[in-house]
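Input: a single structure, listed below in C-alpha cells.
The values are calculated or read from the model by the stated rules, or taken from the named source; none is laboratory data. Computed from a prediction, not measured in an experiment: that's the story for all the values here. Counting neighbours? That spans all protein chains shown, and the Cβs are built from the backbone with ideal geometry, glycine included. Heavy atoms of the whole protein, side chains included, go into the accessibility calculation; ligands, DNA and RNA do not. Shrake-Rupley method; radii C 1.70, N 1.55, O 1.52, S 1.80 Å.
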Amino acid sequence: MNGTIATESTGAVTGGLRTLLRLEGLTLFAGMTVLYAVWDGSWWVYAILFLVPDLSFAAYLAGPQVGAIVYNAAQSYLAPVTLMITGFAITSPLILSIAMIWLAHIGIDRALGYGLKYSSGFPFTHLGRIGWDAATAD
C-alpha cells in the first residue's frame, strides 16, 4: 500500500490522503478569501464572522454525542454551500459574503488538521487526533 489507511479504531485517515485533505482545506481557505477580496467584501465583517462557526464547540457542554452533531453541522460544507447557492439564486451579497467566510473558516480548520468529530470526544476527528496528546496517539 502507499501508507494511506483509515485506522479501524479511530476512523482517521492517515498518510498521503490526510495530507491531500489538508491541502484541499488550504486551497478552500485561500480560494474563498481571494474570492471575498475580489467581491470587495468588508474585512471587518470577515474578521468578525470568521470564528463564528467555532462557537459550535460549546455544544460539547451537553456531551460528546450532541457536541459532535452540532460541531459537524457547523463545520461541514453542506450549510455554507447551500447558503452560497441561495445567495446566487436571490442575488444577495450578504448571504454570499457569509457563505464565503464560512467556507474559508472550514478550509483553514481542515488545513490545520481540525476535522469532523466522532462522538467519542472532541479530540477524535476524521483527520486524526487533536490536542496535547495527539502526537503520542498516532
query: To the nearest 0.05, how large is the calculated FRET efficiency for Leu20 and Ile90 if R₀ is 35 Å and r is the Cβ-Cβ distance?
result: 0.50
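Would you be so kind as to identify all helices of the chain, as entire DSSP H runs, whose Cα atoms reach 30 Å or more along the helix's own axis and whose mean Kyte-Doolittle hydropathy is at least 0.0? Could the numbers behind the result be given before it?
Details: long enough: 15-38 (35 Å, 1.07).
Length and hydropathy pass: 15-38.
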- request: Extending each Cα 7 Å along its Cβ direction at Trp44 and Ser120, get the distance between those two points in nm, one decimal.
  value: 4.6 nm
- prompt: From the phi of every residue in region 52-63, what ³J(HN,Hα) in whole Hz does the Karplus formula 6.51 cos²θ - 1.76 cosθ + 1.60 yield, where θ is phi - 60° and glycine or proline is x?
  reply: 4, x, 5, 4, 5, 5, 5, 5, 5, 5, 8, x
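Of Trp39, Trp44, which has the most accessible area with a 1.4 Å probe, and how do the rest follow in descending order? Display every interim value, and only then the final one.
Details: Trp39 105, Trp44 195 Å².
Most to least solvent-accessible, the answer reads Trp44, Trp39.
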- prompt: Between region 79-135 and region 39-66, how many Å separate their Cα centres?
  reply: 9 Å
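Nearest 500 deg cm²/dmol is fine: what mean residue ellipticity at 222 nm does the chain get from its DSSP H runs of n ≥ 4 alone, each adding -39,500 (n - 2.57), divided by its residue count? Before the final figure, lay out the partial values.
Numbers: 6 runs with 78 residues, N = 138.
Mean residue ellipticity, 222 nm, calculated: -18000 deg cm²/dmol.
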message: I'd like the accessible area for Asp40, computed on protein heavy atoms only with a 1.4 Å probe and all protein chains in place. Round to 10 Å², please.
response: 130 Å²
